[in-house]
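Have a look at the structure below, then the notes.
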Amino acid sequence: METPGQDYPPMSYPKEQLHFGEEVSYKGSPLLEERELKVDIRKIFNDLRNLDWSKVVWRNVVLFTLLHIYAVYGLFLAIVFVQWKTIIFSFMLVGMSALGITMGAHRLWAHRSYKAKFPLRFVLAVFQTIAFQNHIYEWARDHRVHHKHSETDADPHNARRGFFFSHMGWLMYKKHPDVITKGRKLDMSDLERDLVVRFQRKYYLPLVLLLCFVVPAVIPWLFWGEHIVNALMVAAFLRYALVLHFTWTVNSLAHWVGIKPYDKHIYPSQNKIVTALTFGEGWHNYHHVFPWDYKTSEFGGFTEFNFTSFIIETCCFFGLAYDLTTVSKNWIAMRAERTGDGSYTYINDKDELC
């Protein structure tokens, strides 16, 4: 399903996801020219100096500290003691977790850039639970707020507040009131009707403990005799920490470093490192300009490391995914010429949507 000549998603796309600025014009595009893109260094230092310690989420600080201690120990074990089968199994879990976030929570549930039948939604929900980055409903809600109010106080991981804050600091500090206020105004009815999302949300705590930690530790111990501590530290804690940091680079690195061929007035950039780490999520300048494209990039398949798009297209071929939404090449070129930084190169290749 293409959207030629339009700067807005299909009618089924929730209205709240269309814009990521307060003021809009040109068929829904933000008045980007009026946005100030310079990071206010003084504000960052003032935030640090005047940090309200009562707003620090100390539980998360402690948990993240312990996680990284265990992850470092897991890395040592992986290098010295752990069986190669456990290493391969851990990488498999990394891939499953990544698809749960990129293909599931992000492209399917947050942006509704394609539709999926129940078996695929079920599998993606399992993968997303293994990733342990909040349940689907909360992940999608925060991401929709991020797009609508990018780089404002209503953005959960506002890049203006610094690299560390946008990477992981936002999870260790109470949400800005604007994040909560704007989040409550979003239309989340699509997820509230989804039985898979509702089930996961209701039983999230036991599910995440089982799928993120218990099962990854037990399988190596049970099937090939790995020491249970080695399995827990590597297949659970080290794997979990890696997936978290890979995901967080989209919020931090891809909002700080890279070219901006589609819109030079926004923070999100094209970053190949992030793309390689996240199965295709690093083409972030494109994604913030055309958030309803299932590829999150101008190119799909294996082109430019976009592995998630390849899996979506494969699922579409087998009838598990359908109504893939994309953007016409001409419209992309028009937008790049109007607001890009001059680095855009037109490539006339035809997208195969299966």
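Do we have LEU242 as at pLDDT 95 or above, within 15 Å of the chain's Cα centre (by Cα) and surrounded by fewer than 22 Cβ atoms within 10 Å (Cβ to Cβ) here? Considered against the rule, which asks whether it is at pLDDT 95 or above, within 15 Å of the chain's Cα centre (by Cα) and surrounded by fewer than 22 Cβ atoms within 10 Å (Cβ to Cβ), LEU242 comes out as yes.
Being under 15 Å from the mean Cα position of the chain (by Cα), modelled with pLDDT of 95 or more and among the hydrophobic types (A, V, I, L, M, F, W, C) is a property that VAL145 has. Please specify each residue of the stretch 110-124 satisfying the condition of being touching a His at 6+ places or on another chain (Cβ under 9 Å) and in a helix (DSSP H, G or I). ALA110, the sole residue that qualifies.
Just one residue in the set ALA131, ALA159, ALA110 is modelled with pLDDT under 95 and crowded, with 18+ Cβ neighbours inside 10 Å; that residue is ALA159. I'd like to know if the stretch 54-63 contains one or more residues that are modelled with pLDDT of 95 or more, closer than 21 Å to VAL215 by Cα and not charged (D, E, K, R). There is at least one residue in the stretch 54-63 that is modelled with pLDDT of 95 or more, closer than 21 Å to VAL215 by Cα and not charged (D, E, K, R). Between LEU211, LEU186, LEU207, LEU191, the distinction of being touching an Asp or Glu at 6+ places or on another chain (Cβ under 6 Å) and buried (at least 17 other Cβ atoms within 10 Å of the Cβ) belongs to LEU186 only. Any residue in the stretch 228-235 that is touching a Lys or Arg at 6+ places or on another chain (Cβ under 9 Å) and either of a type in the set (Gly, Ala, Ser) or farther than 17 Å from THR102 by Cα (or both)? No, the stretch 228-235 contains no residue that is touching a Lys or Arg at 6+ places or on another chain (Cβ under 9 Å) and either of a type in the set (Gly, Ala, Ser) or farther than 17 Å from THR102 by Cα (or both). Out of VAL289, VAL327, one residue alone is over 28 Å from ALA241 (Cβ atoms), at pLDDT 95 or above, in contact with an Asp or Glu (Cβ under 6 Å, 6 or more places away or on another chain) and not basic (Lys, Arg). It is VAL289.
You will find that of LYS295, LYS272, the residue that is in contact with a Gly (Cβ under 8 Å, 6 or more places away or on another chain) and surrounded by fewer than 17 Cβ atoms within 10 Å (Cβ to Cβ) is LYS272 and no other. Taking each residue of the stretch 332-346 that is modelled with pLDDT under 95 and looking for partners that are among the small types (Gly, Ala, Ser) with beta-carbon atoms closer than 6 Å, six or more apart or interchain, yields TYR344/ALA336; TYR346/ALA333. Checked against (1) within 26 Å of ARG112 (Cβ to Cβ); (2) without any contact (Cβ under 8 Å) to a residue 60 or more places away in the chain, TRP221 passes all but a single condition, namely (1).
Considering each of ILE101, ILE69, ILE88, ILE79 in turn, give the residue that is of a type outside the set (Gly, Ala, Ser), surrounded by 23 or more Cβ atoms within 10 Å (Cβ to Cβ) and over 15 Å from ALA321 (Cβ atoms).
Just a single option satisfies the conditions, and that option is ILE101.
If you go through the stretch 247-264 and keep only what is under 11 Å from the mean Cα position of the chain (by Cα), within 28 Å of TYR322 (Cα to Cα) and of a type outside the set (S, T, N, Q), you end up with just VAL250. Of the set (1) under 21 Å from LEU244 (Cβ atoms); (2) assigned to a loop (DSSP other than H, G, I, E, B), all apply to ALA140 but (2).
For the stretch 92-108, the condition holds for no residue, the condition being that it is in contact (Cβ under 8 Å) with a residue 24 or more places away in the chain and in a loop (DSSP other than H, G, I, E, B).
Would you tally the residues in the stretch 167-210 being assigned to a helix (DSSP H, G or I), of a type in the set (Ser, Thr, Tyr) and touching a strand residue (DSSP E or B) at 6+ places or on another chain (Cβ under 9 Å)? Looking only at that region, the number is 0.
Figure legend. Inter-residue proximity from the stretch 49-61: first residues in contact (Cβ under 8 Å) with a residue 12 or more places away in the chain and over 10 Å from LYS174 (Cα atoms), second residues assigned to a helix (DSSP H, G or I) and of a type outside the set (D, E, K, R), beta-carbon distance below 9 Å, spacing 6+ or different chains. Indicated pairs: ASN60/LEU171; ASN60/MET172; VAL61/MET172.
Of the residues making up the stretch 75-90, those that are touching a residue at least 24 places away in the same chain (Cβ under 8 Å) and not basic (Lys, Arg) number 10.
Mind checking which residues of the stretch 265-287 are of a type in the set (Val, Ile, Thr) and within 14 Å of the chain's Cα centre (by Cα)?
VAL274, THR275, THR278
The requirement of being more than 16 Å from GLU151 (Cβ to Cβ), at pLDDT 95 or above, under 13 Å from the mean Cα position of the chain (by Cα) and surrounded by fewer than 20 Cβ atoms within 10 Å (Cβ to Cβ) is not satisfied by HIS227.
The values are calculated or read from the model by the stated rules, or taken from the named source; none is laboratory data. No experiment lies behind these values; they were computed from the predicted model shown. Neighbour counts run over all protein chains shown; Cβ positions are idealised from the backbone, glycine included.
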